Structures are given as structure tokens and as C-alpha cells.
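Derivation of every value follows stated rules applied to the coordinates shown; laboratory data play no part. If you're wondering where the values come from, they're calculated on a predicted model, not measured in any experiment. Cβ sites come from the backbone with ideal geometry, for glycine too, and all protein chains shown count toward neighbours.
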Amino acid sequence: MSRTIIVSNRLPTKVQRTDDSLTFQPSEGGLATGLGSIYREDDNVWVGWPGLFVETTEEEEYIAEQLRADSMAPVFLTEAEIRDFYEGFSNSTLWPTFHYFAQYATYEQEHWEAYVAVNEKFCQAVLELAGPDDTIWVHDYQLLLLPEMLRQQRPECTIGFFLHIPFPSHELIRVLPWRAELLRGMLGADLIGFHTFGYMRHFLSAVSQILGIPSLNGQVETPTRTVLVDAFPMGIDYKRYEQTASSETAQQHEQDYREALREARVILSIDRLDYTKGIAQRLRAFELLLQRYPEWREQVSLVMLVVPSRDQVPQYAALKEEIDELVGRINAQYRTISWNPIHYFYRSFPLEELVALYRLAEVALVTPMRDGMNLVAKEFIASKVDQRGVLILSERAGAARELSDAIIINPTDAGQLAEAMHDALVMPEEEQTQRMTAMQALVRQYDVFAWTKLFMDRLAYSKIKQLTMATE
Ligand code: GDG
């Protein structure tokens with residue numbers, strides 16, 4: 001019987017060291033939820049890094065044994081690989097380039113070599129598990145070379161690849177010294193998926209401009225195979241957010257927050273710490289709102305959650321300082337004894353509290369400079385069980401392609417963003433309900449389970465197509 005193998009840089013379980021023991025914490029991320037029903041079925045398995053450096057083989061064996069029981073197979077990374085492959089090539093070369101922050105990108109040959117070596121390591125780990133007829137679904141920018149590496153070793157396998165971040169204009173891709181290798185790596189797949197048609201078009205034009213391989217209707221004709229390319233906008237586990245939002249616990253938390261904030265109206269922002277998310281620009285726009293519309297002072301607070309992330313990369317440490325400084329300055333200037341303009345948290349919250357904040361907020365600010373999709377926007381919508389609330393959404397988040405009933409803004413335009421906040425705060429309830437209901441229908445229907453099914457069905461179809469073409 002053929003099996004399905006999921007491969008991503010991180011496993012859906014986070015292994016952490018506390019004092020001298022190890023803890024295993026299941027991830028609550030969207031991908032883990034969406035693929036949970038697949039990798040735990042039959043003989044299927046998820047291959048990935050458990051997220052920590054492990055020194056001894058005894059410890060590696062112990063971790064592998066624990067994870068095996070939950071259908072996972074770990075790939076261990078050395079300290080040098082974590083530095084050069086993960087923090088280096090993945091997060092300091094590919095991440096900034098693909099998010100149009102080319103000025104932050106570094107181009108280190110050593111990082112590239114580590115990237116190739118770790119992709120090979122993942123390849124070996126998959127080969128140990130994969131039979132000739134298996135289906136392998138590879139995820140994200142850390143593993144762009146893996147599809148082709150697998151294709152070389154297992155020509156008959158069905159291989160899918162999904163990119164969770166934007167695919168930029170080929171003008172950015174061409175800057176990378178290793179552009180051709182990266183594109184060829186992806187083309188080892190039978191099906192390549194992106195969040196939007198825009199990313200897909202950029203990819204097809206990069207393949208044509210850089211590799212000279214043409215495409216027609218989303219089909220790339222390499223000398224040996226046809227590769228299908230398509231858009232699959234990722235969704236969330238809608239019911240989970242809807243149910244959590246209706247729970248007693250979330251309602252109680254919301255009540256507590258409301259009292260603590262003395263009934264001030266709430267604008268909410270939630271992100272990982274990242275320069276792509278437009279956090280500093282958002283703070284400046286909020287300050288502009290308070291300057292232009294003094295009537296909102298003491299009436300409205302910005303509740304801003306920033307989840308710590310990648311603090312070993314220098315730009316992230318600098319961004320953290322910039323945010324600390326901006327929040328401090330704005331609060332110092334505008335606060336009163338009974339009102340704080342910005343409530344800033346630099347930590348992560350349990351799901352019930354997160355959803356209580358979605359319930360509480362009248363306005364959600366999702367204003368990244370660039371974002372593959374952005375699931376926070378969809379979670380806010382799913383949690384609005386009373387159909388009230390306004391989403392302000394950046395035109396440069398993948399989610400904007402679907403959520404046209406949000407207030408769509410250009411995140412670099414602070415003036416426009418300040419006006420959008422004002423408009424959201426005065427929007428009549430009827431209009432809020434109308435927009436929210438339309439967005440809920442869409443997010444409910446195209447949830448993460450529909451996304452997984454669509455991709456897997458299309459992947460199976462791509463294989464049948466290859467086989468038919470081969471016999472013609
Ligand atoms: C990448 C792409 C794409 C945040 N704070 C807390 C918390 N979160 C959860 C949110 C949401 C997730 O983290 C963030 O997902 P995003 O989609 O917004 O962003 P990335 O992490 O950058 O993800 C992105 C995604 O992949 C999927 O393809 O949409 O564009 O960059 O689910 O809820 N969760 C909890 N507490 C927090 O404090 N429990």
C-alpha cells in the first residue's frame with residue numbers, strides 16, 4: 001500500500017528542554033491542524049526538525065522513539081546547520097528576498113552549502129521511509145531543493161510542493177547567485193502550489209526568464225516532465241475558532257479584559273516579530289490617528305501582541321528595539337491616568353485568550369508589508385460570532401485576494417491607514433454585519449481541510465496525467 005509522507009522544516013510537535021528533561025508540545029499551527037488527519041492515518045508519516053539542538057545519540061534515539069508513536073520522524077540538525085542553513089540561508093537570504101526586503105538579504109557561499117547539505121539530509125530521511133509509489137508533500141522555502149533531489153532517487157514517486165510565503169517578481173529572484181538551482185529544485189515536483197495566482201505568475205515568469213522553460217496554462221514543460229502549477233489559498237480550522245469564541249472561557253476572558261480596559265474600544269494587532277509584518281508602520285499610523293482625530297483619545301486603545309521570533313537574526317533584534325521605543329514614546333506622550341493608548345505584549349497567549357481578544361476587538365489591523373497569506377485575518381473573522389467588527393487588511397497580504405470585504409489599504413501609506421482606522425470606528429453596524437457575513441461564508445467554506453483535500457486531489461490528478469502522457 002502506498003503511503004503519504006509530509007515533509008516540512010519543523011515538525012508539528014515542538015520538543016523543548018526544560019532543566020534536564022524534554023517536553024513534547026503539539027503545535028497549534030494551521031498546517032499541523034490541516035494535515036493532522038493525513039499524517040496520523042494508516043502508515044503515513046511527517047518528517048521534520050524537532051526544533052532544538054540535540055547533543056547525544058541516546059537523546060536523539062529517545063526523541064525519535066517518542067515521535068514515532070505519533071507518526072513523526074525527526075531530522076536532527078547540528079549547531080552549525082541551525083546557524084548556516086536555518087538562520088543563515090533560510091531566514092537571512094530567502095526570507096528577505098521573497099518578501100521584497102532584498103536590502104536585508106545576505107549572500108554567503110557557506111550558508112548556501114549548508115542549505116544544500118541539509119536538503120540532502122532531509123532527502124535521505126525521506127528515502128529511508130519512501131517506497132517507489134508513495135506520495136510526498138514538501139512544504140516551504142527551507143526545502144526548495146528537496147523535490148528535485150527526491151525525483152533523482154525516486155523517479156516514480158508523486159511529489160507535491162507548497163510555498164507558504166510570497167513568490168516575488170523574477171527581478172528579485174534573479175539577484176540570487178543560486179537562482180537556477182533553486183528553481184530547478186522546485187521543478188522536481190509534479191505539482192507546485194502557491195497561496196495566490198499572483199505568486200504563481202511570478203514563479204512561471206522566473207522559470208521562463210531564468211531557465212528559459214516556457215509554460216502554458218499553468219503547465220511547465222521541462223525536457224523530461226510536465227509540472228503543474230496552481231493557486232491554493234490556505235484556510236484555517238474555522239469551526240475550532242468559532243467554537244472557541246462561543247465558549248464560556250473565552251467569554252469570561254473577554255469580560256475581564258473589557259473591565260480592565262474601562263470599556264475603551266479596542267483595535268487589535270497580532271503578529272510574530274517580523275519586519276515583513278509592518279508593525280512599526282502600524283504604530284506610526286495609530287499615532288497619526290490620535291493626532292488627526294483627538295476625539296479618539298481616551299476612547300480607543302491599540303492592543304498589540306507581538307510573538308517573539310528569530311531573535312538571533314540581527315534585523316529582528318533591531319526591530320524589537322524600534323517597537324519598544326515607539327510604544328514608549330507614544331504612550332508617554334498621550335497617556336492619561338486612566339487610559340493607555342497602546343497595550344503591548346511581547347509574548348504568546350493561549351488560544352482561549354487569543355480568541356477572547358478577537359471577540360473583544362472592534363477593529364483588527366492586519367497590515368503587513370508582504371505576507372504569503374496571513375491567517376490572523378481569517379481567525380479574526382471566524383471568531384466574530386456576532387458578525388460585528390471590521391478588518392483592515394494590507395493589499396500585500398495573500399488574504400487580500402479573497403477578503404475583498406475588508407478595508408483594503410496600502411500599509412506604507414500612514415495617512416490612508418489612519419483614515420481607515422477612523423472609518424472602521426465609525427462604520428455603521430449594518431455595514432459591519434454585511435461585510436463580516438460575506439467574509440465568514442468564504443472563510444468557512446475554504447477551510448484548512450478543504451485546502452488539504454484540494455491540493456491532495458490535484459496532486460493525484462497530476463500523477464495520472466503524467467502516466468497518461470508517458471503511455472501516449
Ligand atoms: C507563514 C506565512 C502564511 C500568533 N500569536 C499567537 C498565536 N499566533 C498564531 C496565529 C496564526 C499564526 O500564529 C500566525 O500565522 P500567519 O499566517 O499570520 O503568519 P506566519 O507565522 O508568518 O506564517 C503566512 C502562513 O505561513 C500559512 O501558510 O499565512 O503568510 O508567513 O495562526 O493565530 N497563537 C497563539 N497565541 C499567540 O499569542 N496560540
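Tabulated results
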| quantity | calculated |
| --- | --- |
| About the Cα centre, charge dipole magnitude for the chain (Lys/Arg +1, Asp/Glu -1 at Cβ), debye | 1220 debye |
| With Cα atoms, 0 to 90° folded angle of helix 248-260 axis to the chain main axis | 40 degrees |
| The chain, relative contact order [Cα under 8 Å, separation at least 6], % | 14 percent |
| For the stretch 232-286, Kirkwood radius (reciprocal of mean inverse C-alpha pair distance, Å) | 14.3 Å |
| Using θ = phi - 60° and Karplus 6.51 cos²θ - 1.76 cosθ + 1.60, couplings along the stretch 412-421 (whole Hz; Gly, Pro as x) | 7, 9, 4, x, 5, 5, 4, 5, 4, 5 |
| q = 0.24 Å⁻¹, the stretch 286-382: log10 I(q)/I(0) [Debye, one scatterer per Cα] | -1.43 |
| Cα centroid separation - the stretch 450-464 against the stretch 42-88, whole Å | 28 Å |
| When the stretch 143-187 is reduced to its Cα atoms, the Kirkwood hydrodynamic radius in Å | 11.5 Å |
| Relative contact order (percent, whole number), the stretch 217-313, Cα cutoff 8 Å, 6+ residue spacing | 27 percent |
| Cα-based helix-to-principal-axis angle, 30-39 vs the chain, degrees rounded to 10 | 40 degrees |
| Ellipsoid semi-axes in whole angstrom, largest first, where each is sqrt(5λ) of the Cα gyration tensor of the stretch 206-312 | 44, 22, 13 |
| Given charges at Cβ of Lys, Arg, Asp, Glu: the stretch 349-441 dipole, positive-most of Leu375, Ala438, Ala364 | Leu375 |
| Cα-centred dipole magnitude for the stretch 333-472, charges only on beta-carbon of K, R (+1) and D, E (-1), debye, nearest 20 | 560 debye |
| Dipole axis of the stretch 5-78 (+1 Lys, Arg; -1 Asp, Glu on Cβ), positive-most option in Thr78, Leu35, Thr18 | Leu35 |
| Rg/Rg_globular for the stretch 51-170, with Rg_globular taken as 2.2 N^0.38 Å and Rg from C-alpha atoms | 1.15 |
| Under-5 Å amide H pairs with Trp339, H placed in peptide plane, nonlocal only | none |
| Magnitude of the charge dipole, the stretch 251-292, Cβ model with Lys/Arg +1 and Asp/Glu -1, debye to 20 | 260 debye |
| Distance violations [Cα-Cα > 28 Å] among Lys384/Lys453; Lys14/Lys384; Lys378/Lys453; Lys121/Lys239; Lys14/Lys463; Lys320/Lys384 | Lys14/Lys384; Lys121/Lys239; Lys14/Lys463; Lys320/Lys384 |
| Crossing angle, helix 109-127 versus the chain [Cα axis fit, 0-90 degrees, rounded to tens] | 70 degrees |
| Overall dimensions of the chain by Cα: Rg and Dmax, Å | 22.9, 78 |
| The chain, helix-only ellipticity at 222 nm - DSSP H runs n ≥ 4, -39,500 (n - 2.57), divided by all residues, nearest 500 | -14000 deg cm²/dmol |
| Whole-Hz ³J(HN,Hα) from phi, Karplus 6.51 cos²θ - 1.76 cosθ + 1.60, for the stretch 286-303, glycine and proline x | 5, 4, 4, 4, 5, 6, 6, 10, x, 5, 7, 4, 6, 10, 10, 10, 9, 9 |
